[in-house]
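The structure appears below as structure tokens.
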Amino acid sequence: MSDEELEPIEILELPLGDWHRACGARMVEFAGYHMPIQYEGIMAEHLWTRESAGLFDVSHMGQLMLSGDGVAEALEKLVPGDISALKEGRMRYSLLLDEDGGILDDLMVTATPMGLYVVVNGAVKWDDIGFLREHLADDITINHMDDRALLALQGPKAVDALKRVVPGVDTLFFMEAGSFLWGPKTDPEPLWISRSGYTGEDGFEISVPAAHAKALADALCAQPEVKPIGLGARDSLRLEAGLPLYGHDMNPQLDPVEANASFAISKRRRAEGGFHGAERILKSLTDGPAQKLVGFTVDGKMPVREGAPIFAQDRQVGTVTSGGFAPSVGAPIAMGYVAQAHIAVGTALEAEVRGKRVGLTVAAMPFIPHHYHRRGAAQ
């Protein structure tokens, strides 16, 4: 074995790495970065976010700006969403697809004056950038905005806290974004803020120059509603909200219909096709997939984790892809793939955990209601 093969892979630091440690975070390796898994405890942080406002550092994610003539139409060859219809300041969840329609990543696309602002998952951002460079025309510019941090402020009191620090953000509705000024009037700093998130709660994601991330995090945590929250609670929050985690609940072997993400295939794209894997995906929409991602409630108190096989009597019919204790539900929950014959809500199944069978019931997702601040919704 060569010295090169023995060389350890470098784990990167977030712009706020030292800040997290000063706040008492326990750090772990995730997506190639040292990241905070928890501060005072996953359960407490989870419940605080549901009741007040939690600040998450998601700077490991990739922030990209795609620009050039026809950029929306170019991206539409790789995703099943109606990107060209996006008005400035509007966002869309979509899926990056390989040539066969397998899911390479899930992502958020926002129309901005500069082009399309795309946020991709940290664990696959370099693969995504390479794939985009390979499949987009040479006249489309891909700018990896690695000089910016990304913070998420989530929870029912997030808007109260953020509007004191960044006036005007309360004018945004769910899946809207815009540029806001923050800091001293003599030298304000522009922030790009969207009303979106990954917890099922109202909240915001804030793109800030990395050099100013600590000052912004300090300003937010000075608000009585806000505490820093780690990756552990982020995972339990998203699971309760029925939101998939790429690399666990989605991967290149799965198409959007199997992944219960048909909503991401826009009406026009269903009619016109023209995206990677369109034939396979549209056929799956018509015929129904062989398997599908569903939610489960779990009998008893034992969590059912990723990888647990799912049985209908003696026959394996699926696999758990995410699972754990849900603090807001007060019980274990899970999601996973099961064969089409077993996807109906209320279907009784079993998972195998440490050689024992644990009862599962197929459940509607999300496990708790979403609380997004939607335009036109009754307040």
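Which pairs turn up if I take residues in the range 130-149 that are at pLDDT 95 or above and look for partners that are polar (S, T, N, Q) with beta carbon separation below 6 Å, at least 6 apart in sequence or on another chain?
Listed by first residue and then by second, the contacts come to THR141/SER67; MET145/GLN63; ARG148/GLN63; ARG148/SER207; ALA149/SER59.
Specify the residue that is farthest from the chain's Cα centre (by Cα); the eligible residues are those in the range 189-213 that are in a strand (DSSP E or B) and of a type in the set (A, V, I, L, M, F, W, C). Can you show your working first?
Filtering the range 189-213 for residues in a strand (DSSP E or B) gives 189-194, 203-209.
Narrowing further to those that are of a type in the set (A, V, I, L, M, F, W, C): 191-193, 204, 206, 208.
Values: LEU191: 20, TRP192: 18, ILE193: 16, PHE204: 13, ILE206: 14, VAL208: 19 Å.
Out of the qualifying residues, it is LEU191.
If you go through the range 164-194, how many residues are of a type in the set (Phe, Trp, Tyr) and in contact (Cβ under 8 Å) with a residue 40 or more places away in the chain?
The number of residues fulfilling the criteria is 3.
Starting from residues that are under 19 Å from GLY54 (Cα atoms) and buried (at least 20 other Cβ atoms within 10 Å of the Cβ), keep the ones in the range 125-156 and report whichever is nearest to the chain's Cα centre (by Cα).
Pass one, the range 125-156, residues under 19 Å from GLY54 (Cα atoms): 149-156.
Imposing the further condition that a residue be buried (at least 20 other Cβ atoms within 10 Å of the Cβ) reduces the set to 149-155.
Working: ALA149: 16, LEU150: 13, LEU151: 13, ALA152: 11, LEU153: 14, GLN154: 13, GLY155: 16 Å.
Among those residues, the one meeting the criterion is ALA152.
Inside the range 254-327, counting only strands (runs of 3 or more DSSP E) that do not spill past its ends, which hold 3 or more residues that are without any contact (Cβ under 8 Å) to a residue 24 or more places away in the chain, out of contact with any strand residue (DSSP E or B) (no Cβ under 7 Å at 6 or more places or on another chain) and farther than 28 Å from ALA74 by Cβ?
none
Could you tell me how many of the residues in the range 44-80 are more than 15 Å from VAL226 (Cβ to Cβ), part of a helix (DSSP H, G or I) and in contact with a Phe, Trp or Tyr (Cβ under 8 Å, 6 or more places away or on another chain)?
1
So which of ILE83, ILE37, ILE9 ends up being in contact (Cβ under 8 Å) with a residue 24 or more places away in the chain and part of a loop (DSSP other than H, G, I, E, B)?
Exactly one of ILE83, ILE37, ILE9 is in contact (Cβ under 8 Å) with a residue 24 or more places away in the chain and part of a loop (DSSP other than H, G, I, E, B), namely ILE83.
Here is a check on your reading of the model: is ALA149 of a type in the set (Gly, Ala, Ser), in contact with a Lys or Arg (Cβ under 8 Å, 6 or more places away or on another chain) and assigned to a strand (DSSP E or B)? Full working, then the answer.
Values: of a type in the set (Gly, Ala, Ser): yes; in contact with a Lys or Arg (Cβ under 8 Å, 6 or more places away or on another chain): no; assigned to a strand (DSSP E or B): yes.
So ALA149 fails the test.
The values are calculated or read from the model by the stated rules, or taken from the named source; none is laboratory data. A quick note: this is a predicted structure, and the numbers were derived from the prediction, not measured. Glycine also receives a Cβ, built like all others from the backbone with ideal geometry; neighbour counts cover every protein chain displayed.
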